[in-house]
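A short reminder: the numbers here are calculations on the coordinates, not readings from a lab. This one's a predicted model, so the numbers in the text were calculated from it and none came from an experiment. Neighbour counts are summed over all protein chains in view; Cβ atoms, including those assigned to glycine, are modelled from backbone coordinates with ideal geometry.
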Amino acid sequence: MPRRPSRNLMRALILFLSLLAPLLTSCGEEEDSRVWLKGDLHLHSDHSHDARDNPLSALVPLAESLGMDYFVITDHDNHVNGKLTTWDDPHYRSDAMVLLYGVEWTTGRGHANFFGAERFEHERLYALRESSGEQVAEEAARQSLHFSINHPIGKDLWEYGFDHHFDSIEIWNALFLAPNRNRDAIALWESLVMEQGRRIPIRGGSDCHHQEGGEAEIFNIGNPTTWVYARDRSGEAVLNALGRGNASISYAPTAERLELWADADGDGKYELLMGDTIESVPESLAFDLRVEGTHPGDSYRVLIIKDGETLLEETVRAVQPRLTLTFRDSPNGRTFYRAELRAEPPLRHLQTTLPEAYGDMIALTNPIYVGYP
Ligand SMILES: [Zn+2]
Ligand SMILES: [Zn+2]
């Protein structure tokens, strides 16, 4: 039997370490004080005509009970002729969550969400429904808004083209597998990143419309959840992290969360986070994939995807609530790396009568970009 250290010794050790901690951080690199914040970026309330049974008065407490850090309602603007009523609803307030201002720009040629940290002049965007994507992007930039294309493939596909500026794209809308075409949306996004040579942040959104009936039995707020690594708990910081792509997506607010980091200069510190880029291409990079919130005993499939192709696929059994995988690779010039976490259905944390519709997708990350501006 190994001898147990005495309680006093342990106490002394803990004290020593806690005294040392500030010294260690002050000697080392600048401390990373960012925080992981979770939320849902696509939700409809009773201010949308097709979500009458989704009252804001119920949605806000539900999101709070799920532990959401930020929250936004993106009601259909065409249901109110562009004159939004959601933000003036007295139930649109929370002491627990950071509230964003949002809307779903709902046109016959596609849907997009606009997000602001403050109220904005949505009527100016509503007036641009028949305009070009460039004009819409210009107006969004003028108002410092985050312009995010919704469900680009499917019944309301995006027909404004993808050459104009946009800040992110929704590649995971509601249920991962069916009836949605999220896999096609991912393929489209990857091809845009490769063909256009530009970084395009990705996000999720539940597009939840109901608290009653069939839809409510299958999914709700937070299916999926988008995690952002924000410098503080403010709307501005949430949108900044989202716009940088410092974000990953999980199928539920209590699901496993992914972080992909890389060390490009070989100093042993993983300074690049998913969403970040290194413009000069190093000979090789070390990667660190962290999975938070795993269930010891569960098996996971981890996929590393390089330029749209699987570079690495491994089955890993969790022994701790946190799993770390490291690997090294040589980029071929302009390259982007991302990760997926999968497991066999039924996934945990679901109150659903249709687990099959979630497929095996637990979580996925934004990429780390190499050789991208
Ligand atoms: Zn839509
Ligand atoms: Zn919607």
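Go ahead and set up a Gaussian network model of the chain, Cα springs under 10 Å, then flag whichever of 58, 255, 343 fluctuates most.
58
May I ask which residue of 143, 252, 101 lies farthest towards the positive end of the charge dipole of the chain, with charges of +1 (Lys, Arg) and -1 (Asp, Glu) on Cβ and the Cα centre as origin?
Value computed over the given set: 252.
Calculate the dipole size of the stretch 256-373 relative to its Cα centre from +1 charges on Lys and Arg beta carbons and -1 charges on Asp and Glu beta carbons; express the result in debye to the nearest 20.
On the way: 12 positive and 21 negative charges, 63 e Å.
My answer is approximately 300 debye.
Filter the chain for me: DSSP H helices, axial length by Cα at least 20 angstrom, mean Kyte-Doolittle hydropathy not below 0.5. List them by residue number.
Working: long enough: 7-27 (30 Å, 1.40); 182-196 (21 Å, -0.13).
Membrane-span-like by this criterion, though nothing is claimed about a membrane: 7-27.
Determine, from the Cβ-Cβ distance of residue 121 and residue 295 and an R0 of 51 Å, the FRET efficiency 1/(1 + (r/R0)^6), rounded to the nearest 0.05. Intermediate values should be presented prior to the final figure.
Working: r = 47 Å, r/R0 = 0.91.
Given R0 = 51 Å and the Cβ-Cβ separation, E is 0.65.
Give the whole-number value, in cubic angstrom per residue, of the convex hull volume spanned by the C-alpha atoms of the chain.
Values: hull volume 62.3 nm³, N = 373.
It comes to 167 Å³ per residue, whole-number rounded.
Neighbouring Cβ atoms within 10 Å as the yardstick, rank 46, 329, 267, 53 fewest first.
Numbers: 46 21, 329 17, 267 9, 53 14.
Least to most surrounded, the residues fall as 267, 53, 329, 46.
With each label point set 7 Å from Cα along the Cα-Cβ vector, what nm distance links residue 195 and residue 96?
4.4 nm
Quick check: Cα centre of the stretch 31-95 to Cα centre of the stretch 260-290, how many Å?
35 Å
So if I take the centroid of the Cα atoms in the stretch 129-148 and the same for the stretch 99-121, what is the distance between those two points in Å?
So the two Cα centres are separated by 10 Å.
Starting from the Kirkwood Rh over alpha-carbon pairs, what translational D in µm² s⁻¹ does the stretch 50-97 have by Stokes-Einstein at 37 °C and 0.692 mPa s? Present the calculation step by step, with values, prior to reporting the outcome.
Values: Rh = 11.7 Å.
The Stokes-Einstein estimate is 282 µm²/s.
For the stretch 311-356 and the stretch 153-176, what is the separation of their C-alpha centers, rounded to whole Å?
Comparing the Cα centres of the stretch 311-356 and the stretch 153-176, I get a distance of 24 Å.
Rounded to the nearest 500, what is the 222 nm mean residue ellipticity of the chain from helices alone, with -39500 (n - 2.57) per DSSP H run of 4+ residues and division by all residues?
Working: 7 runs with 77 residues, N = 373.
Result for the chain, helices only: -6000 deg cm²/dmol.
Which value, in debye to the nearest 20, describes the size of the charge dipole of the chain about its Cα centre when Lys and Arg Cβ atoms bear +1, Asp and Glu Cβ atoms bear -1, and nothing else is charged? It would help to have the intermediate numbers written out before the result.
Numbers: 35 positive and 58 negative charges, 271 e Å.
Using Cβ point charges on Lys, Arg, Asp and Glu, the chain gives about 1300 debye.
Report the net charge of residues surrounding residue 306, where surrounding means a beta-carbon distance below 9 angstrom and charges are Lys +1, Arg +1, Asp -1, Glu -1.
Working: positive: 338; negative: 307, 309, 329.
Result for the local shell: -2.
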